[in-house]
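Single-structure report; data block below.
What follows is calculated from the coordinates using simple rules that are stated; it is not laboratory data. Source: prediction; values computed, not measured. Cβ coordinates were reconstructed from backbone atoms using ideal geometry, including for glycine residues, and neighbour counts include every protein chain displayed.
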Amino acid sequence: MVGYPLTVWYDGACPLCSREMAFMKRLDRKRRLQFCDFSDPDYDVAASGIPLSELGAVIHAQWEDGTVIRGVEVFRAIWQAVGLGFLTRMSRLPLIDPLVVQAYAWFARNRLWLTGRTVCTGGQCRNKSAANAAPPSA
């Protein structure tokens with residue numbers, strides 16, 4: 001295992017993501033995790049070295065030695081850090097692992113829509129704030 005702290009980047013504007021990270025913060029009694037909300041206006045995009053488009057596509061984290069992990073591996077590392085290692089072990093079982101990986105991939109692709117931040121009509125999807133904006137005047 002790589003050393004702590006584990007820096008976790010998450011989208012604080014995503015209600016589900018924000019609640020999940022708040023829960024993990026409460027469970028992190030040993031203070032092994034550092035959380036960075038990349039949706040915060042004061043977030044320095046250059047500081048992570050990871051483009052915002054990548055951070056928004058799947059969850060990312062970085063170990064103390066600079067090793068970056070993505071997707072389900074981030075959740076497994078978080079669970080391990082907060083004392084929920086049994087979830088990590090269960091998620092790695094041969095029959096469970098592909099389901100967990102596929103379920104997260106589906107969620108990551110659809111999280112904006114699932115959390116009401118994207119509106120899709122007529123096969124076109126756009127950011128909800130853009131969808132609610134007044135049409136340009138002629």
Next on the checklist: Given an 8 Å cut-off on Cα distances and at least 6 residues of separation, report the relative contact order of the stretch 17-98 as a percent.
Outcome noted: 24 percent
Checklist entry - Which value in nm describes the separation of the simple spin-label points at residue 34 and residue 20, placed 7 Å from the Cα toward the beta carbon? => result 2.2 nm
Checklist entry - At what distance in nm do the modelled label points of residue 53 and residue 113 sit from each other, each positioned 7 Å from its Cα along Cα→Cβ? => result 2.0 nm
Item to check | Rounded, prolate or oblate (a/c below 1.5 giving rounded, otherwise prolate when a/b exceeds b/c) for the stretch 18-109 by Cα gyration tensor | outcome: oblate
Item to check | Antiparallel DSSP beta bridges within the stretch 6-92, percent to nearest 5 | outcome: 55 percent
Item to check | DSSP-assigned coil residues among trypsin sites (Lys or Arg not before Pro) in the stretch 39-124, each with at most 14 further Cβ atoms within 10 Å | outcome: 92
Checklist entry - Exposure proxy check: 90, 21 ranked by fewest other beta carbons within 10 Å? => result 90, 21
